[in-house]
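Student: Right, I'll just put the structure down here and ask away after.
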Amino acid sequence: MSRTDYLWLKFRAMGLLVLGRPGPALSLFEEMRQRWPDDPYVLASLANQYHEAGRPADAVVASARLVEVQPDRAAHWFNHGFLLEANERWLDALEAFRRATGIDPKLDRAWYGQGLVLIRLHRFDEAVAALKRNTELQPMSPYGWYQLARVHVDRQQPDEAVKIIRHLKGFEPKVAAQLERETGLLAGQPSS
């Protein structure tokens, strides 16, 4: 089981993915896992391909093993949280996202993931804190702002939602208009 064998299988699997043949690529990744069961690249690839193939339980198993093998990688914890969230395992997903931000406090996607999970759990105060951190790290991305406005509406804080809609009008007018339609709140002109 040489390095050459590993690289050849990896190259073939990547080639199959490029050619739009995920099924045979997945088979190669499974073969690689038999030979290199704790290889991070193989585990990450399997988690991704299982997810793409509609095999969520298998994706979580591969991802769980990956965070065991490399527990100090924030990106792995984020991806694990994403897969857990997709499986509606809210508390496990929240823990994974928190592990990710514990390792890398600037990982904006993990703060966003926390916010989404906390919304699902109706823990709105915590969701606001996570989404605010996401918007601090990614101020020009509308996603965190959108969710933050929705949480303020859910918390019966229309004035806060209007501030966000007004802010969004300055750089994402379509998202601002969508929020106005969905919430019935009219925000007027963007703030300066």
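Student: Filter region 19-36 down to residues that are at negative phi and without any contact (Cβ under 8 Å) to a residue 12 or more places away in the chain and give me whichever is surrounded by the fewest Cβ atoms within 10 Å (Cβ to Cβ).
Tutor: Selected residue: Gln34.
Student: Answer with yes or no whether Leu16 is in contact with a Pro (Cβ under 6 Å, 6 or more places away or on another chain) and surrounded by 17 or more Cβ atoms within 10 Å (Cβ to Cβ).
Tutor: Criteria met by Leu16.
Student: Could I ask something else about it? In region 113-145, which residues are aromatic (Phe, Trp, Tyr) and crowded, with 23+ Cβ neighbours inside 10 Å?
Tutor: Trp145
Student: Residues that are of a type in the set (Ser, Thr, Tyr): list the helices (runs of 4 or more DSSP H) wholly contained in region 84-192 that include at least 1 such residues.
Tutor: Hits in region 84-192: 90-103, 108-120, 124-137, 142-154, 173-183.
Student: Are there any pairs, at least 6 apart or on different chains, whose C-beta atoms fall under 8 Å, with the first in region 37-48 and under 15 Å from Pro24 (Cα atoms) and the second at pLDDT 95 or above and acidic (Asp, Glu), and if so, which?
Tutor: The qualifying pairs are Leu46/Glu30; Leu46/Asp58.
Student: Something else about it: May I ask you to list pairs of residues, at least six apart or on different chains, whose Cβ atoms are under 8 Å apart, with the first in region 91-113 being more than 14 Å from Asp72 (Cβ to Cβ) and the second being hydroxyl-bearing (Ser, Thr, Tyr)?
Tutor: The qualifying pairs are Asp108/Ser141; Ala110/Thr101; Trp111/Thr101; Tyr112/Tyr143.
Student: For region 168-186, enumerate the residues that are out of contact with any Pro (no Cβ under 7 Å at 6 or more places or on another chain) and under 21 Å from Gln138 (Cβ atoms).
Tutor: Residues satisfying the conditions are Phe171, Pro173, Lys174, Ala176, Ala177, Gln178, Leu179.
Student: Can Ala53 be described as small (Gly, Ala, Ser), surrounded by 17 or more Cβ atoms within 10 Å (Cβ to Cβ) and modelled with pLDDT of 95 or more?
Tutor: For Ala53, the condition - small (Gly, Ala, Ser), surrounded by 17 or more Cβ atoms within 10 Å (Cβ to Cβ) and modelled with pLDDT of 95 or more - is not met.
Student: What about Val67, is it at pLDDT 95 or above and farther than 28 Å from Glu136 by Cα?
Tutor: Spelling it out, it is not the case that Val67 is at pLDDT 95 or above and farther than 28 Å from Glu136 by Cα.
The values are calculated or read from the model by the stated rules, or taken from the named source; none is laboratory data. Since this is a predicted model, take the numbers as computed values, not measurements. Using ideal geometry, Cβ is built from the backbone for each residue, glycine included, and neighbour counts are taken over all protein chains shown.
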